[in-house]
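Every read-out reported here was derived from the displayed coordinates using simple, explicitly stated rules and does not represent laboratory data. Here the structure is a predicted model, which is why all the values come from computation and not from measurement. Counting neighbours? That spans all protein chains shown, and the Cβs are built from the backbone with ideal geometry, glycine included.
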Amino acid sequence: MFVKTGFLTYTNHPSNWLDGGKLMKRQLTIAIGLFVLCGYVHAQNEVYLCINADGTKEYKNTGTTKGCKKVDLPNITTIPAPARRAVARNNSSPSDFPKVDGTTQKARDDDRRQILQDEMKAEQQKLADLKKTFNNGEPERQGNERNYAKYQERVVSMKDDIGRSEKNIEALQRELNNLR
């Protein structure tokens, strides 16, 4: 059986695989040669249309085989993208933006702080109730949980609820710390 790889054709016989590395050296030499010539090949933009004996068309970058004709391609025009301009950011509000006096803003901030504190207390109470019911990972079984899988589902759900409640408390604490 003949195997064709790149430029080399050899029989698929173990003696050709274990020939002391001659085949690999030859392939490595060819690969290095192609790498060196890569710059030259890349620089020329010649394309050839080759028609095989069976009538199939192939486009190649070399026209060394019989039945190849050079194809004239239009030059590719590239236009660089325009340079981006730096946009100056103005952090001040527009002149027609409604203004709020200091006392009104302070009252709003106090209201917001009070709402956040109330939410924090409610979330902390909810977390305490969840932990009490969770009973360190061994909550009491309910009447409809004769199946152990249902009990395990409820335990996992309780763990998720506790984790979510802890994250809510952390988020509320961050909001309280960010207030002026």
Ascending count of other beta-carbon atoms within 10 Å, so fewest first, for LEU34, LEU127: LEU34, LEU127
Ordered by packing density, taken as the mean number of other Cβ atoms within 10 Å over each peptide's residues, highest first, how do 74-81, 168-175 rank? 168-175, 74-81
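Considering the convex hull of the alpha carbon atoms of segment 51-111, report its projected area averaged over all viewing directions, in nm², one decimal.
That works out to 13.0 nm².
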Write down, largest first, the equivalent ellipsoid semi-axes of segment 52-171 in whole Å, where each equals the square root of 5 times an eigenvalue of the alpha-carbon gyration tensor. 67, 42, 9
